[in-house]
1. Working with all protein chains in place, sort Arg4, Arg162 by solvent-accessible area computed with a 1.4 Å probe, largest first.
2. How large is the helix-only mean residue ellipticity at 222 nm for the chain, computed as the sum of -39500 (n - 2.57) over DSSP H runs with n ≥ 4, divided by its residue count, in deg cm²/dmol to the nearest 500?
3. So which trypsin sites (Lys or Arg not before Pro) in the stretch 181-221 are both in a DSSP loop and have at most 15 other Cβ atoms within 10 Å of their Cβ?
4. Kindly report, to the nearest 10 Å², the accessible surface of Asp184 as traced by a 1.4 Å probe over protein heavy atoms only.
5. In what sequence, largest accessible area first, do Glu96, Glu42, Glu62 appear using a 1.4 Å probe?
6. Excluding ligands and nucleic acids, what accessible area in Å² is computed for Arg30 using a 1.4 Å probe, to the nearest 10?
7. Just how large is the dipole of the chain about the Cα centre, in debye to the nearest 20, putting +1 at every Lys and Arg Cβ and -1 at every Asp and Glu Cβ?
8. Can you return the aspartates and glutamates within cross-link range of Lys166? Criterion is Cα-Cα under 17 Å, with same-chain partners fewer than 8 residues away left out.
Amino acid sequence: MCGRYASSLDPEDIVEEFEIRTALPADLPRLEPDYNVAPTKEVYAVLERPPRSVDGEELPAERQVRVLNWGLVPSWAKDPKIGSRMINARMETVAEKPAYRRAFEKRRAILPADGYYEWYSQAPLVEPGRDAKAAKPKKQPFYIRPQDGSILAMAGLYELWRDPTKTDDDPLRWKWTCTVITTDATDDLGRIHDRMPLMVAPDAYDAWLDLSPRGPDELLSLLQPAVPGLLEAYPVRSLVSNVANNGPELIEPLPLEALPLEQ
């Protein structure tokens with residue numbers, strides 16, 4: 001799964017990378033650089049909204065930067081807290097599961113990031129006379145990012161949930177949420193964790209965000225796991241394991257001599 005990531009991007013960086021032609025809205029929240037993005041936090045997302053009518057004028061579809069909460073809440077959900085358990089959608093079932101199917105058809109997004117974290121489980125060291133089954137495995141966090149320093153464009157979905165407790169004129173009546181699509185990790189990263197985010201290549205941005213009806217096979221063909229050598233992974237301090245910790249020190253490489261030894 002992808003359960004934590006880092007994003008220090010400004011909206012202007014996102015506008016340039018994803019060729020957004022409309023001006024940033026004045027009310028777009030400005031998120032601080034976040035090196036420990038966790039479920040339910042606010043994140044930037046790139047998406048396209050369908051054509052709409054304003055004062056009798058038909059406006060075309062529009063690519064936008066929006067701030068969403070990470071953890072998708074289906075439109076039919078009774079309780080928005082379900083979003084904390086829906087931060088990832090598996091590529092293998094995203095076109096079929098009721099929670100994601102409609103979003104996959106009509107509400108695709110890209111979640112820009114610097115990189116993401118995964119935890120590698122190591123066999124615990126067991127002292128003589130101790131019960132090996134009671135020993136907990138040690139988990140070493142790794143930071144994974146594009147080797148060339150480019151933006152990590154994670155494939156995602158977004159959804160809108162109507163809060164029944166709010167009135168029609170309440171600007172907060174709609175909750176915007178998102179999820180990251182994951183797949184089997186490539187060989188070089190699978191040694192750390194068996195899943196990884198799917199990425200959208202720059203030449204597939206337009207097709208992935210396009211609102212035209214597409215079959216699931218065509219949509220899935222636009223996504224790709226990282227080719228070998230595209231991403232680099234290195235160990236970082238366990239500070240990232242606590243969501244209260246934040247800052248660029250979380251992505252600093254951990255010296256090899258500081259790594260715990262495996263049994």
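1. In descending accessible area the options line up as Arg162, Arg4.
2. Estimated from H runs of four or more residues: -2500 deg cm²/dmol.
3. Answer in residue order: Arg191.
4. 90
5. Sorted descending by solvent-accessible area, the residues read Glu96, Glu42, Glu62.
6. 140
7. 1320
8. Excluding near neighbours in sequence, the set is Asp79.
The values are calculated or read from the model by the stated rules, or taken from the named source; none is laboratory data. Owing to the predicted nature of the structure, the values given are computational and were not obtained by experimental measurement. Neighbour counts are summed over all protein chains in view; Cβ atoms, including those assigned to glycine, are modelled from backbone coordinates with ideal geometry. Areas reflect the complete protein model, heavy atoms only, side chains present, ligands, DNA and RNA absent. Shrake-Rupley method; radii C 1.70, N 1.55, O 1.52, S 1.80 Å.
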